[in-house]
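The values are calculated or read from the model by the stated rules, or taken from the named source; none is laboratory data. Fair warning: this is a prediction, and the values are worked out from it, not measured in the lab. All Cβ positions, glycine included, derive from the backbone under ideal geometry; neighbour counts span all protein chains shown. Accessible surface is based on the protein model in full, side chains and every heavy atom, while ligands, DNA and RNA are left aside. Shrake-Rupley method; radii C 1.70, N 1.55, O 1.52, S 1.80 Å.
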Amino acid sequence: MSGPRASTQGSGHIGERQEAWDEAVLSGHGHLLQSWRWGEFKNRFGWETERVAVSRPGGVALAQILFRHKAGVSIGYIPRGPVVAGNDTEVWPELWTKIDQVARRRRALTVILEPDLELPQELRGRPRLDSGPPPIQPSRTVKIELADDNSILKQMHQKTRYNVRLAQRRGVTTSVAALSDTSIADFYRLMEDTSSRNDFSIHSESYYREFLRLFGPDAALIFAEVEAHPVVGIVVATFGTEAIYMYGASSTKDRAHGAGFLIQFEAMRWSREHGCRHYDLWGIPRTDPETTHVDGGDRIAGTKGNDWRGLYEFKTRFGGSIVNYSEPLERRYHPLVLSVARRLYNPGAGE
């Protein structure tokens with residue numbers, strides 16, 4: 001199949017209208033990555049979206065599946081899903097009947113799922129779900145409860161709280177930027193700087209622009225500035241009562257003065273003002289590092305490549321709770337062909 005295409009296989013209107021879909025996802029405490037707009041967003045960057053839904057008197061089950069095609073076959077991916085509300089034993093088998101139908105039509109080798117919530121063990125056998133590949137999304141995150149300002153500050157590590165206040169004393173300012181060519185260019189320059197410094201890959205400039213455009217008033221591009229010059233930029237999005245820190249970058253030269261700490265505090269305040277009760281800092285290492293310091297000294301390690309010690313230290317010091325996600329699972333349709341395909345390329349790459 002060529003070109004992105006979103007289609008729906010659903011129960012009545014749930015899979016056909018954004019409002020109905022998102023309402024159903026939220027009723028099951030579903031994640032932003034199962035939201036309608038996330039599917040529309042990924043359509044623009046190489047994925048094709050299918051939405052399946054089952055609604056019965058006892059419950060509702062939904063799955064937004066992203067497909068990526070190559071050489072006449074495809075890989076299906078359900079990020080932070082499926083979503084189930086109510087009697088899962090009633091709706092779960094029927095949901096998978098619909099997923100299987102879509103997967104066969106798409107010539108899928110496998111459908112990978114990364115559940116947002118732990119699946120009951122009895123559901124893993126109906127249908128058979130095997131252990132999946134390494135995680136595509138972060139295995140753990142930190143979530144902050146959004147109360148009043150003093151409560152948010154109080155739960156921070158004292159050094160983090162000090163850095164927030166240091167930034168305020170040193171005249172660091174923050175602002176929510178209007179979506180424009182200038183603001184996107186400023187953010188992308190910071191992304192390129194951070195990518196070079198920390199040795200990780202980034203998306204195209206159009207990727208971040210399109211995300212902000214699609215999520216509209218439910219997303220914010222926030223800058224921290226020193227003398228009116230952007231030194232840190234982050235993108236935050238809300239879905240229901242949860243906000244997520246999606247993307248972030250900072251200037252190698254001018255990122256001092258505590259700007260990175262202050263901007264997260266301001267993002268939490270923005271999220272609270274937009275009806276959110278929790279703020280997701282998005283990702284920390286799968287396991288706690290033995291130390292976050294360099295060579296036994298007092299200096300905190302940086303974040304570079306796969307070394308996330310600095311990231312772990314930065315995020316966990318805002319307080320909150322560490323949330324562990326269950327390991328990926330997959331429904332394999334053609335195991336032998338899938339094994340060969342994984343030797344040739346990484347089917348889960350590019351998320």
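Please work out if residue 141 is assigned to a helix (DSSP H, G or I), touching a residue at least 40 places away in the same chain (Cβ under 8 Å) and either surrounded by fewer than 17 Cβ atoms within 10 Å (Cβ to Cβ) or not aliphatic (A, V, I, L, M) (or both).
No; evaluated as a whole, the condition is false for this residue.
Would it be correct to say that residue 319 is open to solvent by less than 60 Å² (accessible area, probe 1.4 Å), at pLDDT 95 or above, over 21 Å from residue 164 (Cα atoms) and not in a strand (DSSP E or B)?
Against the criterion (open to solvent by less than 60 Å² (accessible area, probe 1.4 Å), at pLDDT 95 or above, over 21 Å from residue 164 (Cα atoms) and not in a strand (DSSP E or B)), residue 319 does not qualify.
Tell me, which strands (runs of 3 or more DSSP E) lie completely within the stretch 24-132 with 1 or more residues that are under 23 Å from residue 325 (Cβ atoms) and hydroxyl-bearing (Ser, Thr, Tyr)? Give the derivation first.
Working: elements: 48-56, 59-70, 73-79, 83-86, 108-114.
Result: 48-56, 73-79, 108-114.
Of the residues that make up the stretch 185-203, is at least one surrounded by 16 or more Cβ atoms within 10 Å (Cβ to Cβ), under 14 Å from residue 268 (Cα atoms) and touching a residue at least 60 places away in the same chain (Cβ under 8 Å)? Step through it out loud before you land on a result.
First, the residues of the stretch 185-203 that are surrounded by 16 or more Cβ atoms within 10 Å (Cβ to Cβ): 186-188, 190-191, 193-194, 197-198.
From what's left, under 14 Å from residue 268 (Cα atoms): none.
The answer is no; no qualifying residue exists.
Residue check, residue 269 against (1) open to solvent by 50 Å² or more (accessible area, probe 1.4 Å); (2) in contact with a Lys or Arg (Cβ under 6 Å, 6 or more places away or on another chain), all met but one. Which one?
Answer for residue 269: the failing condition is (2).
Please pick out the residue among 153, 166, 146 that is farther than 26 Å from residue 92 by Cβ and in contact with a Cys (Cβ under 9 Å, 6 or more places away or on another chain). First the steps, then the outcome.
Working: 153 fails: in contact with a Cys (Cβ under 9 Å, 6 or more places away or on another chain); 166 fails: in contact with a Cys (Cβ under 9 Å, 6 or more places away or on another chain).
Going through 153, 166, 146 in turn, just one is farther than 26 Å from residue 92 by Cβ and in contact with a Cys (Cβ under 9 Å, 6 or more places away or on another chain): 146.
Can you spot a residue in the stretch 299-315 that is open to solvent by less than 20 Å² (accessible area, probe 1.4 Å), at pLDDT below 95, under 16 Å from residue 234 (Cβ atoms) and out of contact with any helix residue (DSSP H, G or I) (no Cβ under 7 Å at 6 or more places or on another chain)?
Among the residues of the stretch 299-315, not one is open to solvent by less than 20 Å² (accessible area, probe 1.4 Å), at pLDDT below 95, under 16 Å from residue 234 (Cβ atoms) and out of contact with any helix residue (DSSP H, G or I) (no Cβ under 7 Å at 6 or more places or on another chain), which makes the answer no.
Take the residues of the stretch 223-247 that are crowded, with 21+ Cβ neighbours inside 10 Å, β-branched (Val, Ile, Thr) and farther than 23 Å from residue 45 by Cβ: which is farthest from the chain's Cα centre (by Cα)?
Among those residues, the one meeting the criterion is 231.
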